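This report refers to the structure that appears directly beneath it.
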Amino acid sequence: MNPPTDDGAWLELVRAGMPPIWSLMAEGSGGNVWAENGVVAAILPQVPDRSVFNSVFYEDGRRLIDSLDRLASAYDEAGVRAWTVWVPEADTQTAAALEAAGHVNDAQPRAMAMRTADLRKPPEDPAVEVRDELDMAEIGRLNEIAYGWAPGTFAAFADAEVPNTYGHLAALEAETVACVVAWDDRDDAQILWVATLPEARGRGIATRLMARAVEAAAERGRLTTTLVATALGAPVYTKVGYRDFGALQMWERRE
């Protein structure tokens, strides 16, 4: 599969990779997946109050809106109190319908992507040790601290066995301070769970770690790499070559 040639196709590549990885993580963590007419919902009762773990994706906005009551029932029956629908910023009609149904635009992360061949590697820093290792327990710990989640929030995902998943960790003075996870989906490497401890920020560690993740993806034969960026992470990804293809709004419904 050749890399996309226009912005719309890049955005669709980002969106297309999200339902399968969230489905695999939900099922591998003891949760389940609700699917109907192109609407896919990851349901993770182990984290009932974190909407990002209970994410909904759709192909057609009208079908999504038609299924909202059934989606709400599925989450309610599972004991999930917060869930979110990912909406491209251009889909204002679906956003308006979600708002009318009681959802709130909780965040607007950016859809970003690049060809792996376009990687811009930063200068080496001998003080930073980068290693290729998938340690989900450590990755969970780093994410919980970096994003202010309660200890144990990530525990459900830590035991999930998802094929074609790769991890990269960075350490300062033998202490692991940052992580990146990559999941291969055909020719694309989707980046997830990027985190840096607060005391280690500002040294370019995440930039070096991201560069290694993209470099490793290219070594595995991946042609593209995609991710969804927080406001904090977007400048880091831009430095190594990622381009911004618009916001993916998170329309949250919470009890």
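Tabulated data for the structure shown
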| item | result |
| --- | --- |
| Single residue of 151, 126 found to be at pLDDT below 95 and closer than 18 Å to residue 208 by Cβ | 126 |
| Number of the exception - residue 142 against (1) buried (at least 21 other Cβ atoms within 10 Å of the Cβ); (2) assigned by TED's automatic domain parsing to the domain that holds residue 14 | (2) |
| Subset of region 31-77 that is touching a residue at least 40 places away in the same chain (Cβ under 8 Å) and more than 18 Å from residue 255 (Cα to Cα) - its residue that is nearest to the chain's Cα centre (by Cα) | 57 |
| From the options 80, 87, 40, 33, residue that is crowded, with 22+ Cβ neighbours inside 10 Å, in contact with a helix residue (DSSP H, G or I) (Cβ under 7 Å, 6 or more places away or on another chain) and not assigned by TED's automatic domain parsing to the domain that holds residue 172 | 87 |
| Selection within region 43-77 - assigned to a helix (DSSP H, G or I) and either among the basic types (Lys, Arg) or in contact with a helix residue (DSSP H, G or I) (Cβ under 6 Å, 6 or more places away or on another chain) (or both) | 61, 62, 63, 65, 70 |
| Which listed residue, of 16, 90, 111, 26, is within 30 Å of residue 221 (Cα to Cα), among the hydrophobic types (A, V, I, L, M, F, W, C) and not in a helix (DSSP H, G or I) | 111 |
| Residue satisfying condition, being surrounded by fewer than 23 Cβ atoms within 10 Å (Cβ to Cβ), of a type outside the set (Ser, Thr, Tyr) and modelled with pLDDT under 95, within set 28, 61 | 28 |
| When residues of region 180-199 are limited to those that are more than 18 Å from residue 21 (Cα to Cα) and in contact with a strand residue (DSSP E or B) (Cβ under 6 Å, 6 or more places away or on another chain), the one surrounded by the fewest Cβ atoms within 10 Å (Cβ to Cβ) | 197 |
| Meets criteria (part of a loop (DSSP other than H, G, I, E, B), touching a residue at least 40 places away in the same chain (Cβ under 8 Å) and either within 30 Å of residue 101 (Cβ to Cβ) or under 18 Å from the mean Cα position of the chain (by Cα) (or both)) for residue 153 | yes |
| Elements of type strands (runs of 3 or more DSSP E) contained in region 158-255, each with 1 or more residues being within 20 Å of residue 143 (Cα to Cα), modelled with pLDDT under 95 and in contact with a Gly (Cβ under 9 Å, 6 or more places away or on another chain) | none |
| Residue 162 vs. criteria buried (at least 21 other Cβ atoms within 10 Å of the Cβ), touching a residue at least 24 places away in the same chain (Cβ under 8 Å), within 14 Å of residue 21 (Cα to Cα) and in contact with a Phe, Trp or Tyr (Cβ under 8 Å, 6 or more places away or on another chain) | no |
| Members of region 223-251 that are closer than 9 Å to residue 109 by Cα and not hydrophobic (A, V, I, L, M, F, W, C) | 230, 246, 249 |
| Total residues in region 165-174, condition crowded, with 19+ Cβ neighbours inside 10 Å and more than 12 Å from residue 193 (Cβ to Cβ) | 1 |
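Yes/no per residue for (1) closer than 21 Å to residue 16 by Cβ; (2) out of contact with any strand residue (DSSP E or B) (no Cβ under 7 Å at 6 or more places or on another chain):
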position	(1), (2)
76	no, yes
79	no, yes
91	yes, yes
134	no, no
140	no, yes
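The values are calculated or read from the model by the stated rules, or taken from the named source; none is laboratory data. Everything numeric here is computed off the predicted structure, so don't read it as measured data. Backbone-built Cβ (ideal geometry, glycine too); neighbour counts: all protein chains shown.
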